[in-house]
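Novice: To start, I am sharing the structure in question, which I have written as structure tokens.
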Amino acid sequence: MTRLVFSGSGGQGIITTAVILAEAAVYQEGLNAVQTQMYGPEARGGAARSDVIISCEEIRFPKVIQPDILVCLSQEAYNRYYSIVRPGGLLLTDTHYVKQKAPVDARQVELDLYKTVLEVLGSSLVMNSCLLGGLAGLLRLVGMEALEKTMASRFSERYRETNIRALRAGYELVKDLGESLLWLPGGVKPKE
């Protein structure tokens, strides 16, 4: 069982990212998954959080208390949640929006998501799709083909190709990090 928390600001696509990951796990990979979400009263700029649990077994409780993987895409989210990542887990942040300060008993990975999507696509609006590609490369939990199929069904034709290009850019971003960063949660077979 793998527990993930995505956190950031409203408008960053946190909820969409979590939904796509959970749907890809269920509909494309044949795994069990649950996804829950919460956000502040402000649609944009307020706090946003989404929990995802992916498992080969039955999931009995949908809330994540201590995530295996914690993603923080804003400084506010990092300040609020960095301490909940489980010991030995993975804390993933974007270098543009988050400055990691406090030491935690987890692997801390900073990715240039914002910079990558600006360079590759000229827009930061698809940073969440770049994040998904990075997660696919680091975790091997849900495969790229599964994520691409799910995105193709989720996004209109107008946004589909841009999001898939951002997904691939995120995957390429972590490939350069080498296998030393590969973190595979227990209980789920790795995807190629």
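Just so it is clear, none of the values below were taken in a lab; they were calculated from the coordinates. Bear in mind that the values here come from a model prediction, so they are computed numbers and not experimental data. Here the Cβ positions follow ideal geometry from the backbone for every residue, glycine too, while neighbour counts run over all protein chains shown.
Novice: To check you understand DSSP bridge types, tell me what percent of the beta bridges within the chain (both residues inside) are antiparallel, rounded to 5.
Specialist: 55
Novice: Once the other residues with Cβ under 13 Å from the Cβ of residue 32 are scored (Lys, Arg +1; Asp, Glu -1), what is the net sum?
Specialist: -2
Novice: A further question on this structure: Name the residues whose placed amide hydrogens come within less than 5 Å of the amide hydrogen of residue 106, ignoring near sequence neighbours (fewer than 5 apart) on the same chain.
Specialist: 88
Novice: From the phi angles alone, apply the Karplus equation (6.51, -1.76, 1.60; θ = phi - 60°) to region 141-155 and give each ³J(HN,Hα) in whole Hz, x where the residue is Gly or Pro.
Specialist: Values, residue by residue: 8, 10, x, 4, 4, 5, 5, 5, 4, 5, 4, 4, 7, 8, 9 Hz.
Novice: Run the count for the chain, please: Lys pairs, Cα-Cα under 20 angstrom, 8 or more apart or on different chains. Please report the intermediate quantities before stating the final value.
Specialist: Details: 99/115; 115/175; 149/189; 149/191; 175/189; 175/191.
Qualifying lysine pairs in the chain: 6.
Novice: Moving on. Going by average Cβ density within 10 Å per residue, which order do the peptides 124-134, 72-82, 152-162 take, highest to lowest?
Specialist: 124-134, 72-82, 152-162
Novice: Per Stokes-Einstein, at 25 °C and 0.890 mPa s, what whole-number D in µm² s⁻¹ belongs to region 2-181, with the Kirkwood radius over Cα pairs as the hydrodynamic radius?
Specialist: Numbers: Rh = 16.1 Å.
D, rounded to a whole number, is 153 µm²/s.
Novice: Now for a separate question. Can you check what the net charge comes to around residue 88, using other residues whose Cβ is under 15 Å from the Cβ of residue 88 (Lys, Arg +1; Asp, Glu -1)? Working shown, then result.
Specialist: Details: positive: 3, 86, 107; negative: 68, 105.
Net charge in that neighbourhood comes out at +1.
Novice: How far is it, in nm, from the label point at residue 75 to the one at residue 108 when both lie 7 Å from their Cα along the line to the Cβ?
Specialist: Spacing of the two 7 Å Cα→Cβ label points: 1.5 nm.
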